[in-house]
Amino acid sequence: MGGGHSHLEILRRHILKPHPGISLTLVSAASKHHYSGMVPGFLAGTYREAEIAFDLAALSASAGSRFLEGQAVSVDPTRRVVRMADGEEVGYDLVSFGVGSSTRGSSLPGVQEHAWTVKPIGRAVALRAALMELASRSGGEAARAVVVGSGAAGIEVACAAAAVFHRTGRSRELTIVGDGKEILEGYSPRMRRRAVRVLEAKQCSILLGARVAEVRPDSVRLSDGREIPSDLTVWLTGPAAYGLFEGSGLALDKRGYLLVDDALRSVSDGRVFGAGDCATLSSHPHTPKAGVYAVREGPVLWKSLVATVEETSLPRYVPQGDFLSILNTADGRALLRYRGIVSGSRWAWRLKDRIDRHFMRKYQTLEPEALLSPGSKRTSTAR
Ligand SMILES: Cc1cc2nc3c(=O)[nH]c(=O)nc-3n(C[C@H](O)[C@H](O)[C@H](O)COP(=O)(O)OP(=O)(O)OC[C@H]3O[C@@H](n4cnc5c(N)ncnc54)[C@H](O)[C@@H]3O)c2cc1C
């Protein structure tokens, strides 16, 4: 369930070496998946959509698996079925959830109607079009854009918007709104200071300690009554659990994420697996909901599924303690943080671009001939 960062590796492994005991069905809300690490670059116009997207239907065909496009809405582990939004049921012997996460606060008044969210991440394509339309619109007045969310994604998207306005020459009022005391919570003060300097240089205002009460068609209203005019509002407030597991009887954490053991198996049902944002490790419950973890969990998940089918010993996943974080500032530079190192530089951007393109090549270059003859021998053709 879900064709995102954590499940791509399942498809890849099945393409490279199909397991004779596994008949795979991929169910995903969209037939394409977009790599979130490159989304800010896409919004800024650095990448084309084709460079950041995976064709799930094609990868699925390549893996000899069935592909169903649709949205899972609930799971019944006693009958071993997942219910879809259109009323259909998908049966399983084993099921793995990699459906990602929704966005915190997205049920607040007006968010669904008047703000752009990028979950599922493919919505970034429509957001890019809206941003271009606003930046190219003629008129004497400044374009007003508000990014709600002062974490890494909010800062990258604000920088991308600034780059688009800069390129079209349209004057703008750009604001980041956050409900915390600082931007980039969880990062070091040095990294935060750097990020503030970058945003100030782009004339992006930062409004902190501000709680949004409502998004209106042309403004963002705060809980203290203040109103920020906005022609385009982007909602990037961090992850929240989908309601998919509610009422299923499966063990969940307090936030509603599926609780899994070190083999990425539900702690309450050995036939249910979970990885990426939608799952919480019971042994490491504070692991960030970030793509780097979702990607690292993919190979463990595959081993775990195979071990369950073969009734051999299960793998054990231990999440890394820290990870390299590189924020694209959309000006040919990036802000890098790793352990004690902080750098805002061109080389950080080049490093990010190289890592991201390498990730895409790994999945985009999986044998296309297999699409024409699904029964043929499958090997990797990474170019
Ligand atoms: C703008 C932005 C930038 C980011 N940049 C980074 C970064 O640089 N580094 C980093 O580590 N993290 C980053 N993240 C976070 C990262 O995107 C997530 O942590 C990661 O995508 C989680 O992977 P996943 O496999 O759990 O889910 P996803 O990759 O989100 O995949 C979920 C999949 O499930 C499908 N799906 C969703 N709901 C259903 C349903 N009900 N039924 C069926 N299918 C469904 C979706 O269509 C999708 O295919 C960023 C997030 C955003 C919003």
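The values are calculated or read from the model by the stated rules, or taken from the named source; none is laboratory data. Note that the coordinates shown come from a computational prediction; the quantities given were computed from them, not determined experimentally. All Cβ positions, glycine included, derive from the backbone under ideal geometry; neighbour counts span all protein chains shown. Ligands, DNA and RNA are excluded from the accessible area calculation, which covers all protein heavy atoms including side chains. Shrake-Rupley method; radii C 1.70, N 1.55, O 1.52, S 1.80 Å.
Couplings for region 62-75, taken from phi via the Karplus curve 6.51 cos²θ - 1.76 cosθ + 1.60 with θ = phi - 60°, read 4, 7, x, 9, 7, 10, 10, 8, x, 10, 6, 10, 7, 10 Hz in order; Gly and Pro are left as x. Around the amide H of ALA263, modelled in the peptide plane, lie the amide H atoms of TYR317, all under 5 Å away and 5 or more residues distant in sequence or on another chain. Our coupling estimate for region 115-121, obtained by passing each phi through the Karplus curve with A = 6.51, B = -1.76, C = 1.60 and θ = phi - 60°, is 10, 8, 10, 10, 10, x, 4 Hz, Gly and Pro reported as x. Annotation for region 184-274: trypsin sites (Lys or Arg not before Pro) lying in DSSP loop with at most 16 further Cβ atoms inside 10 Å of their Cβ are ARG211, ARG226, LYS254, ARG255, ARG271.
Shape class for region 111-237: rounded, because the ratio a/c of the largest to smallest gyration tensor axis (alpha-carbon atoms, square roots of eigenvalues) is under 1.5. For region 96-172, applying the loop criterion from DSSP together with a ceiling of 12 other beta carbons within 10 Å to the GluC sites (Glu not before Pro) yields GLU141. Sparsely packed loop sites in region 63-161 (the trypsin sites (Lys or Arg not before Pro) outside DSSP H, G, I, E and B with at most 13 other Cβ atoms within 10 Å) comprise ARG79, ARG137. Site pair SER268 and GLU200 shows an inter-label distance of 5.0 nm when each label is modelled 7 Å from Cα along Cα→Cβ. Given axes a ≥ b ≥ c from the Cα gyration tensor, I'd like to know whether the chain is rounded (a/c under 1.5), prolate (a/b larger than b/c) or oblate. Note, shape of the chain comes out prolate. Each Cα pair of region 270-323 feeds into the Kirkwood radius, which the Stokes-Einstein equation turns, at 10 °C and 1.306 mPa s, into a diffusion coefficient of 135 µm²/s. Restricting to the chain, what percent of DSSP beta bridges are antiparallel, rounded to 5? Rounded to the nearest five, the antiparallel share is 55 percent. Straightening the chain between THR78 and THR312 buys 81.8 nm, computed as 0.36 nm per residue apart minus the Cα-Cα spacing. Label sites at SER283 and ARG361, each approximated as a point 7 angstrom past Cα along Cα to Cβ, lie 3.4 nm apart. For the chain, the solvent-accessible area of protein heavy atoms averages 46 Å² per residue (probe radius 1.4 Å; ligands and nucleic acids excluded).
Between region 334-348 and region 247-295, the C-alpha centres lie 31 angstrom from each other.
For region 350-357, the Karplus equation 6.51 cos²θ - 1.76 cosθ + 1.60, evaluated at θ = phi - 60°, returns couplings of 4, 5, 4, 4, 5, 4, 5, 5 Hz by residue, with Gly and Pro reported as x. In region 241-351, the C-alpha radius of gyration followed by the widest Cα-Cα span (Dmax) gives 17.2, 52 angstrom. Estimated translational diffusion coefficient (Stokes-Einstein, Kirkwood radius over Cα pairs, 37 °C, 0.692 mPa s) of region 171-324: 177 µm² per second. Taking the Cβ of MET38 as the center, what net charge do the other residues with Cβ under 13 Å away carry, scoring Lys and Arg +1 and Asp and Glu -1? My count for the surroundings of MET38 gives +1.
Straightening the chain between ASP253 and GLU88 buys 56.6 nm, computed as 0.36 nm per residue apart minus the Cα-Cα spacing.
Applying 0.36 nm per residue to the separation of GLU182 and SER106 and subtracting their alpha-carbon distance, the gain on full extension is 25.2 nm.
Each of ARG354 and ALA50 was given a label point 7 Å from its Cα along the Cα-to-Cβ line. The distance between the two points is 2.6 nm.
Protein heavy-atom surface of the chain, 1.4 angstrom probe: 51% of the accessible area is carbon and sulfur, with nucleic acids and ligands not counted.
Taking the Cα centre of region 111-237 as reference, the dipole from Cβ charges on Lys and Arg (+1) and Asp and Glu (-1) amounts to some 480 debye. Under a 5 Å amide H cut-off, with hydrogens placed 1.01 Å from N, GLU173 pairs with ALA143, ARG144, ALA145 among residues at least 5 apart or on other chains.
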